[in-house]
Amino acid sequence: MTRVTVNRNERGPAMPLWQIHHPENAWNESEKQEFVNAITAIYTDIVGIPAFYVVVIFKEVESGDLWVSGRPHDKFVRLNIDQMARTLPGRVLREWWVHHLDEVIKPWVADKGFDWEFTITEPPADLWSLQGFVPPPFESVGEARWVKENKASEYSQAEQLPINVRLTAGTRESF
């Protein structure tokens, strides 16, 4: 897999929240665990965020309570995905990400005979907190520590610095 660096104005990590609305008994517990593992892996392996950022909520919908085109549809899965800090800049990267997510979802949805759709929203990162901490800046020393420890914790001002600080004489660039 290709690791992609996605930046939202040099702001902190994506907090993906997946809400999966699905028919009754769509998956057993083992299948849910495999599905969650696949979802988590796309963020830890490709985006490079801590696993604890990834939240998945399965919302079972009773038969007759999910409708598409004005008719009940008991073989339909609707996924709402919030990515709170890293945006996907540009049409090409957005299309790649959508197609990549379709491939991740396919074994648990299409291959089981379900129709599906998903949307991705990108709420503002500055309205996000984990255990009382605003996440450290994107690709910062603090973020790297959060990835390694896989938990939120206090971080210092020095940990807000980028991992790879490049200083050159006579320039005035902001991070």
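The values are calculated or read from the model by the stated rules, or taken from the named source; none is laboratory data. This one's a predicted model, so the numbers in the text were calculated from it and none came from an experiment. All Cβ positions, even for glycine, are placed from backbone atoms using ideal geometry, and neighbour counts span all protein chains on display. When the accessible area is computed, the model is the full protein with side chains, heavy atoms only, and any ligands, DNA or RNA have been set aside. Shrake-Rupley method; radii C 1.70, N 1.55, O 1.52, S 1.80 Å.
Answer with yes or no whether residue 148 is open to solvent by 40 Å² or more (accessible area, probe 1.4 Å), out of contact with any Gly (no Cβ under 6 Å at 6 or more places or on another chain), within 19 Å of residue 52 (Cα to Cα) and in a helix (DSSP H, G or I). If you could, list the steps in order and put the result at the bottom.
Values: open to solvent by 40 Å² or more (accessible area, probe 1.4 Å): yes; out of contact with any Gly (no Cβ under 6 Å at 6 or more places or on another chain): yes; within 19 Å of residue 52 (Cα to Cα): yes; in a helix (DSSP H, G or I): yes.
Yes: the conditions hold for residue 148.
Tell me the residue from 144, 152, 158, 169 that is touching a Pro at 6+ places or on another chain (Cβ under 8 Å) and aliphatic (A, V, I, L, M), please.
It is 152.
For a quick check of your reading of the model, give me the residue pairs whose first member lies in region 98-112 and is assigned to a helix (DSSP H, G or I), whose second is open to solvent by less than 70 Å² (accessible area, probe 1.4 Å) and at pLDDT 95 or above, with beta-carbon atoms closer than 6 Å and at least 6 apart or on different chains.
104/38; 108/35
State the number of residues belonging to region 158-175 that are at pLDDT 90 or above and out of contact with any helix residue (DSSP H, G or I) (no Cβ under 8 Å at 6 or more places or on another chain).
Going through region 158-175 one residue at a time, the tally reaches 0.
Taking region 60-73 only, how many residues are outside any strand (DSSP E or B) and farther than 12 Å from residue 21 by Cβ? Break it down into steps so the answer makes sense when it comes.
So the first thing to find is which residues in region 60-73 are outside any strand (DSSP E or B), and the list is 62-66, 69-70, 73.
Next cut, farther than 12 Å from residue 21 by Cβ only: 63-64, 69-70.
Going through region 60-73 one residue at a time, the tally reaches 4.
Per-residue answers, yes or no, for (1) modelled with pLDDT under 95; (2) open to solvent by 40 Å² or more (accessible area, probe 1.4 Å); (3) on the phi > 0 side of the Ramachandran plot; (4) under 13 Å from the mean Cα position of the chain (by Cα):
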| residue | (1), (2), (3), (4) |
| --- | --- |
| 8 | yes, yes, no, no |
| 11 | yes, yes, no, no |
| 22 | no, no, no, no |
| 28 | no, yes, no, no |
| 38 | no, no, no, yes |
| 46 | yes, no, no, yes |
| 55 | yes, yes, no, yes |
| 62 | no, yes, no, no |
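Would you be able to say whether some residue in region 91-101 is more than 14 Å from the chain's Cα centre (by Cα) and under 19 Å from residue 21 (Cβ atoms)?
No; the residues of region 91-101 include none that is more than 14 Å from the chain's Cα centre (by Cα) and under 19 Å from residue 21 (Cβ atoms).
Any idea which of (1) open to solvent by 80 Å² or more (accessible area, probe 1.4 Å); (2) among the small types (Gly, Ala, Ser); (3) under 20 Å from residue 48 (Cβ atoms) is the one residue 69 doesn't satisfy?
Residue 69 satisfies every listed condition except (3).
Checking the structure you have, find out if any residue of region 113-123 is of a type in the set (Phe, Trp, Tyr), more than 21 Å from residue 22 (Cα to Cα), in contact (Cβ under 8 Å) with a residue 12 or more places away in the chain and part of a loop (DSSP other than H, G, I, E, B). Talk me through it step by step, then tell me what you get.
Residues of region 113-123 of a type in the set (Phe, Trp, Tyr): 114, 116, 118.
If we keep only those that are more than 21 Å from residue 22 (Cα to Cα) as well, we get none.
Checked region 113-123: no residue is of a type in the set (Phe, Trp, Tyr), more than 21 Å from residue 22 (Cα to Cα), in contact (Cβ under 8 Å) with a residue 12 or more places away in the chain and part of a loop (DSSP other than H, G, I, E, B).
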